[in-house]
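Everything on this sheet refers to the single structure shown next.
The values are calculated or read from the model by the stated rules, or taken from the named source; none is laboratory data. All figures in this text were calculated on a predicted structure; none of them were measured in a lab. Neighbour counts run over all protein chains shown; Cβ positions are idealised from the backbone, glycine included.
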Amino acid sequence: MSKPSLLRRIFSGIWGVITRIRLAMSNILFLVMIAFIYFVYIGGSPEPLPDKAALLLNVSGKVVDQKSEINPLSPLMGAASPSDHEVLLRDIIEAIDYAAEDPAINSLVMELDNLVSVGISKTQEIIPALDRFRETGKPIVAIGDYYTQDQYLLASYADTVIAHPMGGVSLEGYSNYNNYFSDALEKVSVNVHIFRAGDHKSAVEPFVRDNMSPGEKKVTRRWLGNLWGQYTQMVESQRDLPSGAVGDFVNNFTEHMLAEGGDAAQAAVQAGLIDKLLGRIEGNEYLVELVGASNEDGLYEAVEFERYLSRKKPLHLGGTEADRVAVITAQGSIVPGDQPPGTIGGDTLARMIHGAAEADGVKAIVLRVNSGGGSMFASEIIRQQLLHAKNQGIPVVVSMGTVAASGGYYIAADADEIWATPTTITGSIGVFAVFPTFEELLRRVGVYTDGVGTTPMAGSMRYDRSLSPELVTVLNSSVDFAYASFLEIVSQGRDMSIAEVDPLAEGRVWCAEDALKFGLVDKVGSLHDAIASAAEIAGISDYEVEYVEQPLSPRDMLMKQLAKSIGSLNMSGVSNAGAALATLLQPVRNAVEELGSLQDPAHLYMRCLSCGAVR
């Protein structure tokens with residue numbers, strides 16, 4: 001090979017120097033940017049907590065058992081919406097408990113205007129913490145403009161509920177309405193082939209009907225009635241109202257409004273739902289007097305609960321040798337493979353369970369399930385790992401959250417003990433397969449599919465071909481086998497005969513009260529109760545609780561901290577238009593997410609569609 005010319009070597013050398021300078025400058029700029037973000041959003045000395053203040057429970061967004069993965073740069077791209085923000089349930093409870101024992105905190109104020117959803121089940125787990133706070137003699141006040149049904153249930157547990165004179169309380173009861181696509185699919189020439197086991201497996205109804213079946217209406221009406229009955233009883237008990245008062249307010253709302261000349265706030269006062277009507281200035285003056293302190297802006301002195309918890313919660317560096325109960329959260333749709341937080345990845349969750357079972361000092365595992373199910377294959381991967389932990393002598397206790405149905409119940413069935421909250425929705429024991437084909441749609445635009453295969457099954461799983469008779473037989477057989485396996489797993493896990501399980505199955509959805517009566521769950525209580533029970537089964541009394549999360553790289557840890565810091569700063573600049581648009585598009589978003597979760601390799605699913613009504 002000939003030697004490069006002198007001129008070429010000179011230019012190559014100059015280009016190499018330029019490249020190294022460019023890379024060095026890029027790295028320096030990146031480090032400067034990281035340092036800037038750190039000192040602006042994270043660094044600096046923390047502001048000291050006041051000597052006298054209220055704990056401000058200003059929950060914004062959704063209350064969840066596990067936070068979803070969030071792009072930390074998204075808050076920088078525009079105003080954040082409350083629907084994008086998530087708050088851990090345990091953070092709320094821990095903050096209240098720390099404040100109960102803190103002499104510097106003399107009251108608790110709930111500002112819930114930006115609370116998007118918490119649900120009756122999670123509210124029932126927050127209430128004991130509010131009761132413990134109240135037992136110390138410290139008052140609890142809820143103040144807001146116009147309470148939604150979700151917000152009001154939590155607010156009703158305050159000693160004093162304050163609304164704006166132009167506000168009120170919006171109560172309507174619970175409902176479950178879905179979109180049905182049978183006619184639309186026919187018009188666009190899309191064939192959705194459904195194979196199911198379980199007469200009440202409603203997850204497939206939107207694809208084959210244009211309305212809810214009578215049987216599904218009967219089942220749904222029962223568990224919705226149970227939820228509404230508990231809601232009204234809770235409010236009436238806490239507000240010292242006669243039985244039926246909440247139902248009367250909702251059912252005869254027109255008459256209540258006419259009696260007060262259309263004044264919704266005054267109607268809520270007369271119904272006993274609101275104690276005081278105060279504007280912003282009067283409300284602040286009331287709270288300044290209650291707390292006995294104000295800040296430099298003249299507002300009542302308060303510490304936001306997330307900031308308060310970050311200062312009060314002890315830092316755990318790991319390496320503890322104490323006995324531990326490991327709590328693992330399974331929240332979202334069950335999908336094969338590795339998935340980010342907020343979605344249950346079969347491999348991801350199985351790996352977390354395996355790691356907890358193998359860790360020194362872990363004496364019991366509590367699996368917190370909040371899922372309407374998903375892939376049967378991924379559910380089986382998770383179930384097998386739980387069985388492996390049990391075989392190693394590690395007790396496994398399941399704590400059901402808002403919903404633990406279908407695949408969510410499948411992974412729970414073999415636990416040593418199953419706990420449900422009083423309003424958990426569970427059951428939905430059934431299996432279905434769904435396979436759409438688009439051959440007719442393609443024909444309408446002049447696209448045809450033809451060819452040859454070496455066997456009748458070759459090419460039978462294409463979306464542009466009709467299902468062959470052989471494939472139809474195979475899928476029907478697979479669904480029947482999967483359903484029989486589901487029944488067998490429940491039978492063995494719950495120590496029941498198949499004959500006892502069968503009438504509880506067929507896709508029927510049960511409220512916690514019925515599930516307890518029929519033996520699908522063992523006890524009713526909170527996550528805290530399930531943890532205590534797991535420790536008792538393991539024979540330990542002095543133990544720590546470890547919340548197991550997916551391991552993060554240093555980069556992921558930095559990004560997570562940035563998302564938390566930047567997001568909390570931008571929550572003050574909420575875009576009302578963006579929030580309204582997000583609400584309007586939520587049904588479309590739900591449908592897309594539902595379709596995206598259908599990833600089972602055998603097209604077999606254990607999914608509860610109607611359970612989404614209680615989230």
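Screening residue 434 with (1) under 30 Å from residue 220 (Cα atoms); (2) touching a Phe, Trp or Tyr at 6+ places or on another chain (Cβ under 6 Å) gives one miss only, at (2). Tell me, yes or no, whether the range 124-143 has at least one residue that is under 18 Å from the mean Cα position of the chain (by Cα), modelled with pLDDT of 95 or more and of a type outside the set (Asp, Glu). Scanning the range 124-143, I find at least one residue that is under 18 Å from the mean Cα position of the chain (by Cα), modelled with pLDDT of 95 or more and of a type outside the set (Asp, Glu), so the answer is yes.
Select from the range 461-499 the residues that are under 21 Å from residue 407 (Cβ atoms) and not in a helix (DSSP H, G or I) and list them in ascending order.
494, 496
Within the range 432-460, the set of residues being touching a residue at least 12 places away in the same chain (Cβ under 8 Å) and either assigned to a loop (DSSP other than H, G, I, E, B) or closer than 29 Å to residue 406 by Cα (or both) comprises 432, 433, 434, 435, 436, 437, 438, 447, 449, 456, 457.
The set of residues in the range 64-94 that are modelled with pLDDT under 90 and either closer than 19 Å to residue 121 by Cβ or among the β-branched types (Val, Ile, Thr) (or both) comprises 67, 68, 70.
Applying the condition of being farther than 21 Å from residue 181 by Cβ and among the basic types (Lys, Arg) to the range 209-223 and asking which residue is farthest from the chain's Cα centre (by Cα) yields 218. Exactly one residue out of 475, 527, 504 is farther than 20 Å from residue 216 by Cβ, modelled with pLDDT under 95 and buried (at least 18 other Cβ atoms within 10 Å of the Cβ), and it is 475. Can you say whether residue 97 is modelled with pLDDT of 70 or more, part of a loop (DSSP other than H, G, I, E, B) and within 23 Å of residue 133 (Cα to Cα), as far as the supplied structure shows? Here the answer is no, as residue 97 does not meet what is asked.
What do you reckon, is residue 106 in a strand (DSSP E or B) and surrounded by fewer than 21 Cβ atoms within 10 Å (Cβ to Cβ)? Taking the combined requirement at face value, the residue satisfies it. Among helices (runs of 4 or more DSSP H) entirely within the range 201-309, having at least 2 residues that are at pLDDT 95 or above and not assigned by TED's automatic domain parsing to the domain that holds residue 100 singles out 214-238.
Restricted to the range 209-235, and to residues there that are touching a helix residue (DSSP H, G or I) at 6+ places or on another chain (Cβ under 6 Å) and of a type in the set (Val, Ile, Thr), the residue that is nearest to residue 481 (Cα to Cα) is 220.
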